[in-house]
Amino acid sequence: MKYLKVLLLTMLLAPAFSADAQSQINAIDKYFQQYVEDERFTVVYISPKLFQMIGKLDIDKFDSDRESQAIMEIAQDLQGLRILVSEDDAMQLYQEAKAKINTDEYEVLMTVRDRDGDNVEFLVRDDGGDIIHELLLLVGGDEFVMLSFVGALDLNKISQLAKTIEDDENK
Amino acid sequence: MTKISKAKTERSLKLLSPKNYTMSRYFFLLPLIAILLSSCGSPASVSSFYQEHKRKAGVKNMTIPGWLIYAGTGIAHDLVDDEDTKAMLQLAKKVKRLQFMIAEEQSPISPADIQTFVHNARADHFEELIVVRDKSTTVNVMVREKGEKLRHLLFLINDESDFVFLNMRTNIKMKDIAKIVDYFLEKEGWDNLQKKSEKKKEEKPKV
């Protein structure tokens, strides 16, 4: 009976949690959707399908090279890339995008601001472990840039790649 | 010869006999029809869009059938000496049909028509690979897979006045693309990249 209660409670709460996460994802998605047809913006969208296809490429040359192998392993985990760029009302767009980001969901990795008023902010959405689900880059200043990398970026794989590059350079 | 195979042979001969001439003729037509159908098949969304707009004023269109591409690439393959072109022609040989439509200066195909088409293509199992839009220019690359093959590749380029539509029916597999990437890495990029990287290491002062 106790287990049944726990199960029922989990079933009731699960949609609430997933709806919360979904609403946050949708806030960024909506932001892209809002401006995807706006002619003030340059838009680049690379779909999960293309990353899947790149991941499927069995290139012999890459098999013999540790660095390329590491890059391909990371590429296989990527699911999509979206970029929005605009030179009009850059600062206003930057503030608007920042306001849409739920700070509970995204963690700031790095913020840079220079004297000219250019702002750069790196944010990540992860599960608290070694996997980053989204890397978000916001730039505000002369131009506004919003870059969103979605996937399962494994920090271990990235550090492996960095190590491989370092090893190769020291050879 | 076993009883069953003997019976089968007799039945086949009966079918080919003058009495059954009409039936055998249709029998031989079947593979031909199958070949023709296989080279004509285009998803409904693509063919209806192409048929709807290809004869509009200011629109130029062209369809190149697979056999012509096969023959053309085959002849070109024998004529050219350049290895890179030969490698590309090998890939081009796998294009089974090419449909091309271009509208220049005041395209009669409106952005709304294109939007609807992209929407319909998605419903027809086309998947977007890349979308790039800069000001009024939009580039869409879509793919429709069947098993291992990239069955249809669709390229759409659209701006204020011009429109380009390219639909390719192909038998290209991912391993074919991997092969060509391998070839160019071997020939052009890889060794140069390796050399450049080694040169950089040599130039780098050791601390």
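If I filter the stretch A:22-61 down to residues being at the interface with another protein chain (Cβ under 7 Å from one of its Cβ atoms) and modelled with pLDDT under 80, which single residue comes out as least open to solvent (accessible area, probe 1.4 Å)? Step through it out loud before you land on a result.
We begin by selecting, within the stretch A:22-61, every residue at the interface with another protein chain (Cβ under 7 Å from one of its Cβ atoms); these are A:39, A:42-47, A:49-50, A:53, A:56-61.
Keeping just the survivors that are modelled with pLDDT under 80 gives A:56-61.
Numbers: A:LYS56: 113, A:LEU57: 31, A:ASP58: 101, A:ILE59: 6, A:ASP60: 99, A:LYS61: 42 Å².
Restricting to residues being at the interface with another protein chain (Cβ under 7 Å from one of its Cβ atoms) and modelled with pLDDT under 80, the top hit is A:ILE59.
Being touching a Phe, Trp or Tyr at 6+ places or on another chain (Cβ under 9 Å), part of a strand (DSSP E or B) and of a type in the set (Lys, Arg) is the filter here; which residues of the stretch A:76-115 pass it?
A:ARG82
What number of residues within the stretch B:71-109 satisfy the criterion of being open to solvent by less than 40 Å² (accessible area, probe 1.4 Å) and over 22 Å from the mean Cα position of the chain (by Cα)?
Result for the stretch B:71-109: 2.
Taking B:MET174, is it in contact with a Phe, Trp or Tyr (Cβ under 9 Å, 6 or more places away or on another chain) and free of Cβ contacts under 8 Å to residues at least 60 places away in the same chain? It would help to see each step written out before you state the result.
Values: in contact with a Phe, Trp or Tyr (Cβ under 9 Å, 6 or more places away or on another chain): no; free of Cβ contacts under 8 Å to residues at least 60 places away in the same chain: yes.
Taking the combined requirement at face value, the residue does not satisfy it.
So which residues in the stretch B:114-150 are away from chain A (no Cβ under 13 Å) and buried (at least 20 other Cβ atoms within 10 Å of the Cβ)?
Within the stretch B:114-150, B:PHE117, B:ALA121 qualify.
Residue-by-condition table, conditions (1) out of contact with any helix residue (DSSP H, G or I) (no Cβ under 6 Å at 6 or more places or on another chain); (2) modelled with pLDDT of 90 or more:
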{"site": "B:GLU127", "(1), (2)": "no, yes"}
{"site": "B:LEU154", "(1), (2)": "yes, yes"}
{"site": "B:LEU166", "(1), (2)": "yes, yes"}
{"site": "B:LYS175", "(1), (2)": "yes, no"}
{"site": "B:LYS179", "(1), (2)": "yes, no"}
{"site": "B:LEU185", "(1), (2)": "no, no"}
{"site": "B:GLY189", "(1), (2)": "yes, no"}
{"site": "B:LYS199", "(1), (2)": "yes, no"}
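How many of the residues in the stretch A:124-162 are free of Cβ contacts under 8 Å to residues at least 24 places away in the same chain and within 17 Å of A:LEU93 (Cα to Cα)?
1
For the stretch A:62-73, how many residues are under 19 Å from the mean Cα position of the chain (by Cα) and either surrounded by fewer than 17 Cβ atoms within 10 Å (Cβ to Cβ) or within 9 Å of another protein chain (Cβ to nearest Cβ) (or both)?
Qualifying residue count, the stretch A:62-73: 2.
The values are calculated or read from the model by the stated rules, or taken from the named source; none is laboratory data. Everything numeric here is computed off the predicted structure, so don't read it as measured data. Counting neighbours? That spans all protein chains shown, and the Cβs are built from the backbone with ideal geometry, glycine included. Just so you know, the surface numbers come from the protein's heavy atoms only, side chains and all, with ligands and any DNA or RNA stripped out. Shrake-Rupley method; radii C 1.70, N 1.55, O 1.52, S 1.80 Å.
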